[in-house]
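The values are calculated or read from the model by the stated rules, or taken from the named source; none is laboratory data. If you're wondering where the values come from, they're calculated on a predicted model, not measured in any experiment. As a convention, Cβ positions derive from the backbone with ideal geometry for all residues, glycine included, and neighbour counts pool all protein chains shown. Remember, those area values only see protein heavy atoms, side chains included, never the ligands or the DNA or RNA. Shrake-Rupley method; radii C 1.70, N 1.55, O 1.52, S 1.80 Å.
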Amino acid sequence: MEFNINTAAFLSDEKFMPIASDAVYDVLIIGGGPAGLTAAVYAMRKGVKTALIGGDLGGQVAETAGVENYPGFRYISGMELVSRFREQVLEFSISFGDRLWVESIKPGTPHEALLSNGTSVRAKAVIAATGKRSRKLGVPGEAEFAGKGVAYCATCDAPFFAGKKVVVVGGGNSAVEAAIDLARVAEKVTVVQIMDRLTADAVLVGAMESFSNVEVLLNSEVVSINGDESVSSVSVMSAADKSVREISVEGVFVEIGLLPNTEFLKGIVDMNRLGEVKVDSSCRTSVPGLFAAGDLSEVPYKQIIIAAGEGAKAALSACDYLLKTEWI
């Protein structure tokens, strides 16, 4: 599983050291989002030898325009919050994988993570914290306007679109829930669903339909997102006659589902039907010494603060595992 990022700025600090393929780390953390970075802080505060395969440092937070529900900040941009996480990690020295991602895990004593460059890294305990990724539309303008009108989390970003016109793409539970959240603050919400019906639960659809500022376009597809410095409109194509019309909006919420970044764990740990890793209350997976934290796990409510808390819990559980396990 590949996680692309420009890590030059992060690696400029000498406290980030290269991964040593001949070493056995106490804890290997896979993932550089809130769960992974919090786990790193907690592990290093315990004084254990820690390595981090960072991948997409910041995770989905880096795609979030702003955050208003993280304790200690009335408002902070997604990138600034990531920077604050980074600063705290840099209070310690940590081995960091530059432009690497984990291809697979070989459980054992110790565990071995096979890396994208053909090398491997070994650790007594592993914390998987690779999060989820939003399904993308793959249309022109989506990547260009990410964080500039294109959003993937209504819970996070809805307040920034108060009094504005927005589009929600999708027709499942997440899309309808997003439409409800947005309808409370936005001037108008247009739900664009490619199918001929909404697939969300009836109770959610009923709640959405109680808002007079919500319009639903069925058999319709967003084919481009337009604007200059930020989103100003979307082009929507009708499945019936392939005609395209332009709708003026200032925000586009893509709610067509999330994919857990768990490919490298398939066949190794137990997962649910969504591909999320099953964990117990201590973030333990079905494999001893292998922990999971954050959005890739089955823990409900995918929020920054929950991911950070799960990362802390996983690190403490991993350190407890190290203390209680007899090593050869």
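Filtering segment 85-114 down to residues that are among the small types (Gly, Ala, Ser) and either assigned to a strand (DSSP E or B) or crowded, with 18+ Cβ neighbours inside 10 Å (or both), which residue is modelled with the lowest pLDDT? Among those residues, the one meeting the criterion is 97.
Of the residues making up segment 128-143, those that are open to solvent by 40 Å² or more (accessible area, probe 1.4 Å) and either in contact with a Lys or Arg (Cβ under 9 Å, 6 or more places away or on another chain) or touching a residue at least 60 places away in the same chain (Cβ under 8 Å) (or both) are 133, 135, 136, 137, 140, 143.
This table checks each residue for (1) open to solvent by 10 Å² or more (accessible area, probe 1.4 Å); (2) under 20 Å from the mean Cα position of the chain (by Cα).
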| position | (1), (2) |
| --- | --- |
| 116 | yes, no |
| 145 | no, yes |
| 148 | yes, yes |
| 152 | yes, yes |
| 168 | no, yes |
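Condition check: over 26 Å from residue 79 (Cβ atoms), of a type in the set (Asp, Glu), surrounded by 16 or more Cβ atoms within 10 Å (Cβ to Cβ) and out of contact with any Asp or Glu (no Cβ under 8 Å at 6 or more places or on another chain). Does residue 221 satisfy that? Taking the combined requirement at face value, the residue satisfies it.
Residues are listed down the side, and each one gets a yes or a no for (1) farther than 25 Å from residue 180 by Cβ; (2) among the polar types (S, T, N, Q):
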{"residue": "70", "(1), (2)": "no, no"}
{"residue": "77", "(1), (2)": "yes, yes"}
{"residue": "99", "(1), (2)": "yes, no"}
{"residue": "107", "(1), (2)": "yes, no"}
{"residue": "122", "(1), (2)": "yes, no"}
{"residue": "166", "(1), (2)": "no, no"}
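If the condition is being surrounded by 17 or more Cβ atoms within 10 Å (Cβ to Cβ) and either at pLDDT 95 or above or part of a helix (DSSP H, G or I) (or both), then segment 299-315 contributes 299, 304, 306, 307, 308, 309, 310, 311, 312, 313, 314, 315.
Taking the options 209, 177, 187, name whichever one is closer than 23 Å to residue 78 by Cα, open to solvent by 60 Å² or more (accessible area, probe 1.4 Å) and either in contact with a Ser or Thr (Cβ under 9 Å, 6 or more places away or on another chain) or at pLDDT 95 or above (or both).
Details: 209 fails: closer than 23 Å to residue 78 by Cα; 187 fails: closer than 23 Å to residue 78 by Cα.
Selected residue: 177, the only one of 209, 177, 187 that is closer than 23 Å to residue 78 by Cα, open to solvent by 60 Å² or more (accessible area, probe 1.4 Å) and either in contact with a Ser or Thr (Cβ under 9 Å, 6 or more places away or on another chain) or at pLDDT 95 or above (or both).
With the structure loaded, tell me whether residue 163 is farther than 26 Å from residue 229 by Cβ and touching a residue at least 12 places away in the same chain (Cβ under 8 Å) or whether it fails that test. So residue 163 does not fit the description; no. One residue stands out among those in segment 146-174 that are in a helix (DSSP H, G or I) and not aliphatic (A, V, I, L, M): the one that is modelled with the highest pLDDT, which is 161. Residue pairs whose Cβ atoms lie under 6 Å apart, separated by 6 or more positions or on different chains, with the first residue in segment 19-40 and open to solvent by less than 10 Å² (accessible area, probe 1.4 Å) and the second β-branched (Val, Ile, Thr) and in a loop (DSSP other than H, G, I, E, B), are 27/48; 30/130; 31/130.
Just name the residue that is surrounded by the most Cβ atoms within 10 Å (Cβ to Cβ) out of those in segment 256-280 that are part of a strand (DSSP E or B) and within 17 Å of the chain's Cα centre (by Cα). Ranking the candidates gives 277 first.
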